[in-house]
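Peer 1: Take a look at this one; I'll ask things after.
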Amino acid sequence: MSAGTMLSRAFSRIGYHVLTTNEYPSLIRGGHNLITTRISSKYFESLNKDLHILVALNKETVNLHKSELTEGSVVLYDPKDYEWKTEEFSVPVVLMGVPLTELVTQFKGPPVMRNTVALGATIAVLGAPLETLSEVIHDQFKDKKQAIIDGNIAIAKAGYDYIIEHYKDKTSMHLAPSAKREPHLVLYASEAVGLGALKAGLKFAAIYPMTPINALIAFLADHAEKMNIVYKQPEDEISGINMAIGASMAGVRSMVATSGGGFALMVEGVALSGMLEVPIVIDLGMRVGPATGMPTWTEQGELQMVIHAGHGEFPRIVLAPSDGAEAYSMTIEAFQLADYYQVPVFLLTDKYMNESQWCAPLSLFKKDVAINRGKVADESKLPADGSFKRYSVTEDGISPRSFPGMKNGVYFANAYEHNEQGYVSDDPTNRTVMAGKRLKKLETMKKDMRGPSVYGDRNADITFVSWGSSRGPVIDAIEILKNKGIPSRLVHFTWMYPFPAELTQTLLGNSKRIIDVEQNATGQLAALIREHTGIEIKEKILKFDGRPFYPEDIAEKVRNI
């Protein structure tokens, strides 16, 4: 992962667009794992199936992935592991044996530094300057001693020089010149969520470790002291959400993060936040289920779960970002909406998105954010007789909040149905009024509700629908189809609930052919569309093998249909 990060950062710094993702088994002892990086002088949305360079640190890697190679692909390997021959491949490939272990030994480095040799060699194969990688290595190890930095750079140079000396005329993998562009960050989507949370004024996070949101934990823990926030690792997810609810009631912006299994434990707490009308942001990083499922693989299986999670009826908002940039901006939006409407707001992310490294323009992260805490009681106007109505009935369903320390702002709060002051009440008339008051927010939310975005040929006969991280592969598939003379468009959803029914009806009502693309087995978005609009989508491209979509597969399935 470290090597993949350095490769991505090196090419991003000189103006290329990059996207890096990983695969690894759920095994403490390790096992086969890999990093896949796509680098281009042009903008793209997703990984594709082309494999141009295979860097193999053992024989198993070549055996597992040589079927993915195409004519002219480069295989960079260590002859000490195995001396490959061209006749062992089904297509003509370029074999580049680089003595990774031998070069590391020459510089008295540990075996793990074979990665660094391979990095230098890869830079040479792609025709990029070694200086760029050297700068990234310096930044990667800036907290280490200068000798460690110099050692890594020297070992990377050894791999670079070996390619130049032995294979200078054996490859045409040199990239086209990059375009001039503003500086970009390369970051995991989970890190983008953390940046967005800090930008939005986060002060408390209680998160129990669970793949695939652990990068968020590392980010918050690393920056907690500097950013003056509290990151708490609770004993379990139940404690986590209750801590976050308490922090929110105390007056600070708070969040939790988990995956489907951890969220199952949080559900009672979600209902508690609904009754107390407490703002809270919940980042749910989806992975393969049910139960433990495939913990290190990706899926979009929890859409319907979060819409209906919690006993009883209460409002919530569900957002689904599509990449690293949206993970940042929608996290800010989530905190603003949670405070304004005093409801739980979900961020539906997934393993593919959270643990991939995305390019995002630096200017995005420099924009100012005006914090809106919503209806906060004016302390100077609170009733002196202790009759503050925390849950006062209002036209929009949103009541003013008070925080501890506000004189005359005391109210009673627990899990029971209550009256306007918060005192327990099982009176039937009061119950009807209070439940109606909370649910009134669903209507109020329409003013902030965002409809789906449209990409591609707006007049095309073929319309894809998707949500979350499936957007990128579909957009790239649209381009493939366009080049084959098949126009299409995408109606993509990021605001999932309350569902934008009227806007969806407008966009899909007259569509000739609709194809649902989702990473689950049941077509959860298609079911949501039918529930709220009556539009039944019969054609579906569903994938639930734990791997993300490839645009070529989507385009091919459309052509076959």
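Peer 1: For segment 440-458: of the residues being within 27 Å of G301 (Cα to Cα) and hydroxyl-bearing (S, T, Y), which is nearest to the chain's Cα centre (by Cα)?
Peer 2: S453
Peer 1: Could we say that G262 is in contact with an Asp or Glu (Cβ under 6 Å, 6 or more places away or on another chain), farther than 15 Å from Q342 by Cα and not aromatic (F, W, Y) here?
Peer 2: Details: in contact with an Asp or Glu (Cβ under 6 Å, 6 or more places away or on another chain): yes; farther than 15 Å from Q342 by Cα: yes; not aromatic (F, W, Y): yes.
Considered against the rule, which asks whether it is in contact with an Asp or Glu (Cβ under 6 Å, 6 or more places away or on another chain), farther than 15 Å from Q342 by Cα and not aromatic (F, W, Y), G262 comes out as yes.
Peer 1: All but one of (1) in a helix (DSSP H, G or I); (2) under 30 Å from T211 (Cα atoms) hold for E479; which doesn't?
Peer 2: Result: E479 fails condition (2) only.
Peer 1: From the residues in segment 526-552 that are acidic (D, E) and in contact with a helix residue (DSSP H, G or I) (Cβ under 7 Å, 6 or more places away or on another chain), which one is nearest to A477 (Cα to Cα)?
Peer 2: Restricting attention to segment 526-552, the residues satisfying the condition of being acidic (D, E) are 531, 536, 539, 545, 552.
Now drop any that are not in contact with a helix residue (DSSP H, G or I) (Cβ under 7 Å, 6 or more places away or on another chain), which leaves 536, 552.
Working: E536: 23, E552: 6 Å.
Selected residue: E552.
Peer 1: Let me ask something else about it. Note down all Cβ pairs under 7 Å where the first residue falls in segment 288-305 and is buried (at least 22 other Cβ atoms within 10 Å of the Cβ), the second is in a helix (DSSP H, G or I) and among the hydrophobic types (A, V, I, L, M, F, W, C), and they're at least six residues apart or on different chains.
Peer 2: Listed pairs, sorted by first residue: L303/L525.
Peer 1: While we're here: Any idea which residue in segment 36-60 is surrounded by the fewest Cβ atoms within 10 Å (Cβ to Cβ), counting only those that are among the hydrophobic types (A, V, I, L, M, F, W, C) and over 19 Å from H184 (Cβ atoms)? Steps first, answer last, please.
Peer 2: Keep residues of segment 36-60 that are among the hydrophobic types (A, V, I, L, M, F, W, C), which gives 39, 44, 47, 51, 53-57.
This time we only want the ones that are over 19 Å from H184 (Cβ atoms), so: 51, 53-57.
Numbers: L51: 16, I53: 19, L54: 19, V55: 23, A56: 22, L57: 20.
Applying the filter and picking the extreme gives L51.
Peer 1: Just a yes or no: is a residue in segment 375-395 touching a helix residue (DSSP H, G or I) at 6+ places or on another chain (Cβ under 8 Å), of a type in the set (G, A, S) and at positive phi?
Peer 2: no
Peer 1: Being within 19 Å of A320 (Cβ to Cβ) and either assigned to a helix (DSSP H, G or I) or not assigned by TED's automatic domain parsing to the domain that holds D339 (or both) narrows it down to one of Q304, Q300, so name that one.
Peer 2: Numbers: Q300 fails: either assigned to a helix (DSSP H, G or I) or not assigned by TED's automatic domain parsing to the domain that holds D339 (or both).
After ruling out the rest, the residue left standing is Q304.
Peer 1: Please report, ordered by residue number, the helices (runs of 4 or more DSSP H) entirely within segment 56-167 with at least 3 residues that are closer than 14 Å to A3 by Cβ and either at pLDDT below 95 or within 34 Å of the chain's Cα centre (by Cα) (or both). Don't jump to the end; show me each part of the working.
Peer 2: Numbers: elements: 59-65, 100-106, 114-125, 130-140, 146-167.
Of the helices (runs of 4 or more DSSP H) lying wholly inside segment 56-167, those with at least 3 residues that are closer than 14 Å to A3 by Cβ and either at pLDDT below 95 or within 34 Å of the chain's Cα centre (by Cα) (or both) span 114-125, 130-140, 146-167.
Peer 1: Let me ask another. Does A179 satisfy the criteria of being more than 17 Å from T5 (Cβ to Cβ), in a loop (DSSP other than H, G, I, E, B) and in contact (Cβ under 8 Å) with a residue 60 or more places away in the chain?
Peer 2: Working: more than 17 Å from T5 (Cβ to Cβ): yes; in a loop (DSSP other than H, G, I, E, B): yes; in contact (Cβ under 8 Å) with a residue 60 or more places away in the chain: yes.
Judged against the criteria, A179 is a match.
Peer 1: Here's another thing I want to ask about it. Would you say N414 is among the polar types (S, T, N, Q), surrounded by fewer than 17 Cβ atoms within 10 Å (Cβ to Cβ) and closer than 22 Å to A309 by Cβ?
Peer 2: On the way: among the polar types (S, T, N, Q): yes; surrounded by fewer than 17 Cβ atoms within 10 Å (Cβ to Cβ): yes; closer than 22 Å to A309 by Cβ: yes.
Yes: the conditions hold for N414.
Peer 1: Condition first: hydroxyl-bearing (S, T, Y) and within 16 Å of F11 (Cα to Cα). Now tell me which residues in segment 36-52 satisfy that.
Peer 2: Start the filter on segment 36-52 by keeping residues that are hydroxyl-bearing (S, T, Y), which leaves 36-37, 40-41, 43, 46.
Correct list: T36, T37, S40, S41, Y43.
Peer 1: Oh, and also: So, in segment 459-491, of the ones that are under 16 Å from the mean Cα position of the chain (by Cα) and either under 15 Å from I537 (Cβ atoms) or outside the structural domain of Q524 (by TED's automatic domain parsing) (or both), which residue ends up surrounded by the fewest Cβ atoms within 10 Å (Cβ to Cβ)? Steps first, answer last, please.
Peer 2: First pass over segment 459-491, keeping only residues under 16 Å from the mean Cα position of the chain (by Cα): 466-473.
Now narrow it down to the ones that are either under 15 Å from I537 (Cβ atoms) or outside the structural domain of Q524 (by TED's automatic domain parsing) (or both): 466-467, 470.
Values: S466: 29, W467: 26, S470: 31.
Looking at the filtered set, the residue picked out is W467.
Yes/no matrix, rows are residues, columns are (1) among the polar types (S, T, N, Q); (2) farther than 21 Å from A250 by Cα; (3) out of contact with any strand residue (DSSP E or B) (no Cβ under 6 Å at 6 or more places or on another chain):
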| position | (1), (2), (3) |
| --- | --- |
| V281 | no, no, no |
| R287 | no, yes, yes |
| E313 | no, yes, yes |
| R316 | no, no, no |
| Q336 | yes, no, yes |
| Y340 | no, no, yes |
| Y352 | no, yes, yes |
| C359 | no, yes, no |
| E379 | no, no, yes |
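Peer 1: Within segment 492-519, how many residues turn out to be farther than 20 Å from S469 by Cβ, within 28 Å of the chain's Cα centre (by Cα) and in a loop (DSSP other than H, G, I, E, B)?
Peer 2: 1
Peer 1: So which of I217, I229, I238, I245 is among the β-branched types (V, I, T) and either in contact (Cβ under 8 Å) with a residue 40 or more places away in the chain or outside the structural domain of E277 (by TED's automatic domain parsing) (or both)? Walk me through how you get there before you give the answer.
Peer 2: Working: I229 fails: either in contact (Cβ under 8 Å) with a residue 40 or more places away in the chain or outside the structural domain of E277 (by TED's automatic domain parsing) (or both); I238 fails: either in contact (Cβ under 8 Å) with a residue 40 or more places away in the chain or outside the structural domain of E277 (by TED's automatic domain parsing) (or both); I245 fails: either in contact (Cβ under 8 Å) with a residue 40 or more places away in the chain or outside the structural domain of E277 (by TED's automatic domain parsing) (or both).
Matching residue, one of I217, I229, I238, I245: I217.
Peer 1: Still on this structure: So is A205 buried (at least 22 other Cβ atoms within 10 Å of the Cβ), hydrophobic (A, V, I, L, M, F, W, C) and not in a helix (DSSP H, G or I) or not? Full working, then the answer.
Peer 2: Details: buried (at least 22 other Cβ atoms within 10 Å of the Cβ): yes; hydrophobic (A, V, I, L, M, F, W, C): yes; not in a helix (DSSP H, G or I): yes.
So A205 passes the test.
Residues are listed down the side, and each one gets a yes or a no for (1) over 14 Å from V343 (Cα atoms); (2) aromatic (F, W, Y); (3) part of a strand (DSSP E or B); (4) not assigned by TED's automatic domain parsing to the domain that holds E420:
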position: M255; (1), (2), (3), (4): no, no, yes, yes
position: E268; (1), (2), (3), (4): yes, no, no, yes
position: A271; (1), (2), (3), (4): no, no, no, yes
position: I282; (1), (2), (3), (4): no, no, yes, yes
position: G285; (1), (2), (3), (4): yes, no, yes, yes
position: T292; (1), (2), (3), (4): yes, no, no, yes
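Peer 1: Looking at this structure, is E225 modelled with pLDDT of 95 or more and either buried (at least 18 other Cβ atoms within 10 Å of the Cβ) or in a loop (DSSP other than H, G, I, E, B) (or both)? So that I can check it myself, show each step before the final result.
Peer 2: Working: modelled with pLDDT of 95 or more: yes; either buried (at least 18 other Cβ atoms within 10 Å of the Cβ) or in a loop (DSSP other than H, G, I, E, B) (or both): no.
No.
Peer 1: Name the single residue, out of those in segment 142-154 being crowded, with 17+ Cβ neighbours inside 10 Å and without any contact (Cβ under 8 Å) to a residue 24 or more places away in the chain, that is farthest from F11 (Cα to Cα).
Peer 2: Here the answer is I149.
Peer 1: Another one. Name the one entry in E165, E102, E135 that is surrounded by fewer than 18 Cβ atoms within 10 Å (Cβ to Cβ) and within 15 Å of F11 (Cβ to Cβ). Working first, answer last.
Peer 2: Values: E165 fails: within 15 Å of F11 (Cβ to Cβ); E102 fails: within 15 Å of F11 (Cβ to Cβ).
Checking each option against the conditions leaves just E135.
Peer 1: Hey, another quick one. Could you look through segment 526-551, keep only residues that are hydrophobic (A, V, I, L, M, F, W, C) and in a loop (DSSP other than H, G, I, E, B), and pick out the one that is nearest to R287 (Cα to Cα)?
Peer 2: F544
Peer 1: Take the residues in segment 1-43 that are part of a loop (DSSP other than H, G, I, E, B) and charged (D, E, K, R), then tell me which one is farthest from A176 (Cα to Cα). Walk me through it before giving the result.
Peer 2: Quick first cut of segment 1-43, residues part of a loop (DSSP other than H, G, I, E, B) only: 1, 14-16, 24-33, 41-43.
Checking which are charged (D, E, K, R) leaves us with 29, 42.
On the way: R29: 40, K42: 9 Å.
Looking at residues that are part of a loop (DSSP other than H, G, I, E, B) and charged (D, E, K, R), I get R29.
The values are calculated or read from the model by the stated rules, or taken from the named source; none is laboratory data. Since this is a predicted model, take the numbers as computed values, not measurements. Counting neighbours? That spans all protein chains shown, and the Cβs are built from the backbone with ideal geometry, glycine included.
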